[in-house]
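Novice: This structure is in structure tokens; I'll ask about it shortly.
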Amino acid sequence: MTRLGALLLLCCGQALACEGISFENVWIREPPPGNGPVAAYLTVKNAGTERAVLKDWRSEAFAHVMLHATKRVDDRVQMLHQAELAVPAGGSVVLAPGGMHLMLMKAGVPVVAGKHYRLSVSCNGASATFDATVRREETSTP
Amino acid sequence: MTDASVSPSFKAWIALVAFVALSAGLITAVLRTADVPAIQGLLWPDPPQIGPFSLTSDKGRISEETLKGRWTLLFFGFTHCPDICPSTLATLKQVAARLAENKTFADHGQVLFISVDPARDTSAALAEYVRYFDPRFLAATGTEAELNALTGPMGVIHAQVPTGGGEYSIDHTASIFLIDPQLRVLGKFGLPHDAATISAGFTAISDFGRAHP
């Protein structure tokens, strides 16, 4: 039994480490012309029983991906880099315009509405992937 | 002069003059604020005044002359800002659409985006950036000194913050300002930006401004 447990851990440990995590409402804002960074938004849900820590966001389509938070101080805004995203067991975290977002930098190809991109993230040490669709934003800042 | 050398009648006279001056000041203050309606975003009775400034757009200089005689919705930002800036310009596009039937905006309104990142935002790139949202939008930038001539009197803050690897972000005031045809900053709409609120605010503040030239 112990051998079987060790074998299971060896073969499936990475998948189990990210169990219960799902990525919903994922979208990338179609950027205006220019070579500036692009924002991606999503909801991370954790249906598992362990707190999930997400970091090292990546995408083959972008040279660099960072998690940022837009912080409001009076009527001023600051962008603050976040080293990791903690999602409590049974909880969720929303990345939305005006708040936390993924900053996708240096796209290899033009980012236009309708295109899909795959992103990955380290989730409690395991790798998880999800897809994002580019769309044009027409709504007010939440 | 010692206190003993002042006659009681002179003291009473001084007290009366002080009382009258104080009362006049209070009455003036009350009168100045008595007619201020509860309009969200209205800066009254002492709106900041825009002074001379000169910035560069792809169509030439943008200065106080560009604002005179117009109702201007003004936002400061930069194109390497991925979150608040495109969201705000998308909101301003909605505001412009909502105000299409407002005669003041339709005849005399304009939207101006000013970049506080002249090192990365050329006037040509800025023009392309704002026209993605609405071809009527204007955009400009300038040197630090040129920007400060406008941002200073308005109390707008912008400061570079290094983010590593030679890159930087810019902390900046994210309110949308409403400037009237006499260059008074009559309105200020803070975050979160909502198109319905700003459109209603534009209508109420421009009505108020025309009644208080």
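Novice: In the range B:124-161, what count of residues is obtained for those that are in a loop (DSSP other than H, G, I, E, B), away from chain A (no Cβ under 12 Å) and buried (at least 20 other Cβ atoms within 10 Å of the Cβ)? Can you show your working first?
Specialist: Our first condition is that a residue be in a loop (DSSP other than H, G, I, E, B); within the range B:124-161, this holds for B:132-137, B:142-143, B:155-157.
Cutting the leftovers down to away from chain A (no Cβ under 12 Å) gives us B:135-136, B:142-143.
Subset that is buried (at least 20 other Cβ atoms within 10 Å of the Cβ): B:142.
Residues meeting the conditions: 1.
Novice: Moving on to the next point. Of the conditions (1) surrounded by fewer than 19 Cβ atoms within 10 Å (Cβ to Cβ); (2) closer than 18 Å to B:Thr104 by Cβ; (3) touching a residue at least 60 places away in the same chain (Cβ under 8 Å), B:Phe177 clears all except one; give me its number.
Specialist: Looking at each condition in turn, B:Phe177 falls short on (1).
Novice: Checking A:His81 against (1) over 18 Å from A:Trp27 (Cα atoms); (2) facing another protein chain (nearest Cβ under 10 Å); (3) surrounded by 15 or more Cβ atoms within 10 Å (Cβ to Cβ): exactly one of these is not met. Which one?
Specialist: (3)
Novice: Select from the range A:40-58 the residues that are modelled with pLDDT under 95 and either among the polar types (S, T, N, Q) or more than 20 Å from A:Gly20 (Cα to Cα) (or both) and list them in ascending order.
Specialist: Passing the criteria: only A:Thr49.
Novice: Could you say whether any residue in the range A:100-111 is in contact (Cβ under 8 Å) with a residue 12 or more places away in the chain, farther than 30 Å from B:Gln160 by Cβ, touching a strand residue (DSSP E or B) at 6+ places or on another chain (Cβ under 6 Å) and surrounded by 17 or more Cβ atoms within 10 Å (Cβ to Cβ)? Working first, answer last.
Specialist: So in the range A:100-111, the residues in contact (Cβ under 8 Å) with a residue 12 or more places away in the chain come out as A:100-109, A:111.
Next cut, farther than 30 Å from B:Gln160 by Cβ only: none.
Checked the range A:100-111: no residue is in contact (Cβ under 8 Å) with a residue 12 or more places away in the chain, farther than 30 Å from B:Gln160 by Cβ, touching a strand residue (DSSP E or B) at 6+ places or on another chain (Cβ under 6 Å) and surrounded by 17 or more Cβ atoms within 10 Å (Cβ to Cβ).
Novice: Among the residues of the range A:113-129, write down those that are of a type in the set (Val, Ile, Thr) and surrounded by 15 or more Cβ atoms within 10 Å (Cβ to Cβ).
Specialist: Of the residues in the range A:113-129, the ones of a type in the set (Val, Ile, Thr) are A:121, A:129.
Selection gives A:Val121 alone.
Novice: Residues in the range A:86-142 that are closer than 20 Å to A:Leu67 by Cβ and assigned to a strand (DSSP E or B): how many?
Specialist: The total comes to 30.
Novice: Looking only at the range B:44-73, how many residues end up being surrounded by 22 or more Cβ atoms within 10 Å (Cβ to Cβ) and of a type outside the set (Val, Ile, Thr)?
Specialist: 4
Novice: For residues in the range A:31-78 being surrounded by 14 or more Cβ atoms within 10 Å (Cβ to Cβ) and among the hydroxyl-bearing types (Ser, Thr, Tyr), which is farthest from A:Thr133 (Cα to Cα)?
Specialist: A:Thr70
Novice: Here's another thing I want to ask about it. Consider only pairs whose beta carbons are under 6 Å apart and that are at least six residues apart or on different chains; among these, list those whose first residue lies in the range B:81-102 and is facing another protein chain (nearest Cβ under 7 Å) and whose second residue is acidic (Asp, Glu) and in a helix (DSSP H, G or I).
Specialist: That search, which allows pairs on different chains as well, returns nothing.
Novice: Could you list all residues from the range B:192-209 that are surrounded by fewer than 20 Cβ atoms within 10 Å (Cβ to Cβ), in contact (Cβ under 8 Å) with a residue 12 or more places away in the chain and assigned to a loop (DSSP other than H, G, I, E, B)?
Specialist: Correct list: B:Asp194 only.
Novice: Hey, which of the strands (runs of 3 or more DSSP E) in the range B:25-117, taking only ones fully inside, have at least 2 residues that are at pLDDT below 95? Can you show your working first?
Specialist: Details: elements: B:54-57, B:60-63, B:71-77, B:109-115.
In the range B:25-117, no matching strands (runs of 3 or more DSSP E) lie anywhere.
Novice: Taking the range B:162-185 as the region of interest, how many residues are out of contact with any Leu (no Cβ under 7 Å at 6 or more places or on another chain), within 22 Å of B:Leu43 (Cβ to Cβ) and outside any strand (DSSP E or B)? Break it down into steps so the answer makes sense when it comes.
Specialist: Going residue by residue through the range B:162-185, those that are out of contact with any Leu (no Cβ under 7 Å at 6 or more places or on another chain) are B:162-173, B:175, B:181-182, B:184.
Imposing the further condition that a residue be within 22 Å of B:Leu43 (Cβ to Cβ) reduces the set to B:172-173, B:175, B:181-182, B:184.
From the residues that got through so far, the ones that are outside any strand (DSSP E or B) too are B:175, B:181-182.
Here the count works out to 3.
The values are calculated or read from the model by the stated rules, or taken from the named source; none is laboratory data. Just so you know, these numbers come straight off a predicted model, no measurement behind them. Counting neighbours? That spans all protein chains shown, and the Cβs are built from the backbone with ideal geometry, glycine included.
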